[in-house]
Amino acid sequence: MTADAPEPSDDPRAELRRYRQSIDNIDAALIHLLAERFKATQAVGRLKAASGMPPSDPSREREQIARLRALAEESHLDPEFAEKWFTFVVAEVIHHHERLASGGDDAE
Ligand SMILES: C=C(O[C@@H]1C=C(C(=O)O)C=C[C@H]1O)C(=O)O
């Protein structure tokens with residue numbers, strides 16, 4: 001995905017507004033993507049709870065981190081940031097899985 005820079009203008013406030021429209025669209029897309037990701041991970045959590053699998057899978061996470069760091073480098077995004085983002089999200093996922101494993105519901 002690329003966000004084209006708005007045409008430079010002699011009205012910096014208008015230029016700022018156009019950048020912010022792109023930022024708002026990107027933030028909305030990220031929220032939708034995260035919601036879909038959590039739907040998928042909640043389904044995994046229910047499957048694991050029903051079949052006695054542990055909430056976390058460190059070897060899978062290591063593979064994901066290696067993949068995401070490589071993707072980040074290709075995309076000129078800081079790989080450290082990509083890993084921090086992933087670790088933050090997975091911690092929340094595992095928290096949900098632990099709740100499901102102890103018989104809790106899967107409300108967010
Ligand atoms: C979703 C899973 O459970 C956990 C959460 C992961 C994730 O959010 O990507 C990855 C591995 C597991 O620690 C899974 O095992 O696939």
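Just so it is clear, none of the values below were taken in a lab; they were calculated from the coordinates. Remember, predicted model here, so these are calculated numbers, not experimental data. For neighbour counting, all protein chains shown are included, and Cβ atoms are generated from backbone atoms with ideal geometry for every residue, glycine included.
Once you place label points 7 Å from the Cα toward the Cβ at PHE81 and GLU63, how far apart are they in nm?
Here the modelled spin labels are 2.8 nm apart.
Where nothing but the Cβ of Lys and Arg (+1) and of Asp and Glu (-1) is charged, how large is the charge dipole of the chain around its Cα centre, in debye to the nearest 20?
460 debye
List the equivalent ellipsoid semi-axes of the chain in whole Å, largest first, each obtained as the square root of 5λ for an eigenvalue λ of the Cα gyration tensor.
Over the Cα atoms of the chain, the ellipsoid semi-axes are 37, 18, 9 Å.
So for the stretch 12-101, taking the charge dipole from beta-carbon charges (+1 Lys/Arg, -1 Asp/Glu), which of VAL44, GLN64, PRO79 sits furthest toward the positive end?
Ranked along the dipole, the leading option is VAL44.
Averaging over all projection directions, find the projected area of the Cα convex hull of the stretch 65-108 and quote it in nm² with one decimal place.
For the stretch 65-108, the mean projected area of the Cα convex hull comes to 3.5 nm².
Treating the angle as unsigned and between 0 and 90°, give the value, to the nearest 10°, between the Cα long axis of helix 58-74 and the longest Cα principal axis of the chain.
For 58-74 against the chain, the angle is about 10 degrees.
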